[in-house]
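Please read the structure below before turning to the comments.
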Amino acid sequence: MRSFADPETHFAIVPSDSPITVDGYAKGEPKRLECDECGAQVLIDGPEEHQTTIDNLPHDRDCPQRGVASRYYEERFVR
């Protein structure tokens, strides 16, 4: 498994481009995490939630970043 911190991995934190009344996120606030390779994305949880991680991205089967994971995920679920 590759680390999400590896310089060869590329992800983006995409901000909201609308007011909080539209999507629940303030304009400019981080809204979703997105894979630069396949476009897989997941919404970033609000301040009380801490569950959004690189590990939650539903990559395409052929995405070169599909095996990228956090150390926590690797230690908890792979070893």
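The values are calculated or read from the model by the stated rules, or taken from the named source; none is laboratory data. This one's a predicted model, so the numbers in the text were calculated from it and none came from an experiment. Quick reminder, even Gly has a Cβ in these numbers, built from the backbone with ideal geometry, and neighbours come from all protein chains shown. Quick note on the areas: whole protein, heavy atoms, side chains included, nothing else; ligands and nucleic acids left out. Shrake-Rupley method; radii C 1.70, N 1.55, O 1.52, S 1.80 Å.
Given their separation in residues at 0.36 nm each and the Cα-Cα distance between them, Asp62 and Asp23 gain 10.9 nm when the chain is fully extended.
How high is the relative contact order of the chain, given as a whole-number percent (alpha carbon pairs under 8 Å, six or more residues apart)? Computed value for the chain: 28 percent relative contact order.
Amide H contacts under 5 Å for Phe11: Asp36, restricted to partners 5 or more places along the chain or on a different chain, H placed in the peptide plane at 1.01 Å from N. Shown here: percent of Cα pairs over 19 Å apart, derived from the displayed model; of the candidates [x] 57; [y] 41; [z] 48, it corresponds to [y].
Could you tell me what percent of the DSSP beta bridges with both partners in the range 2-78 are antiparallel, to the nearest 5? Given both bridge residues lie in the range 2-78, the antiparallel proportion sits at roughly 80 percent. For Glu29, the residues 5 or more places off, or on other chains, whose built amide H falls under 5 Å of its own are Ser16.
Given +1 at the Cβ of Lys and Arg, -1 at the Cβ of Asp and Glu and no other charges, the dipole of the chain around its Cα centre is 160 debye to the nearest 20. Normalised per residue, the accessible area of the chain is 72 Å², obtained with a 1.4 Å probe and no contribution from ligands, DNA or RNA.
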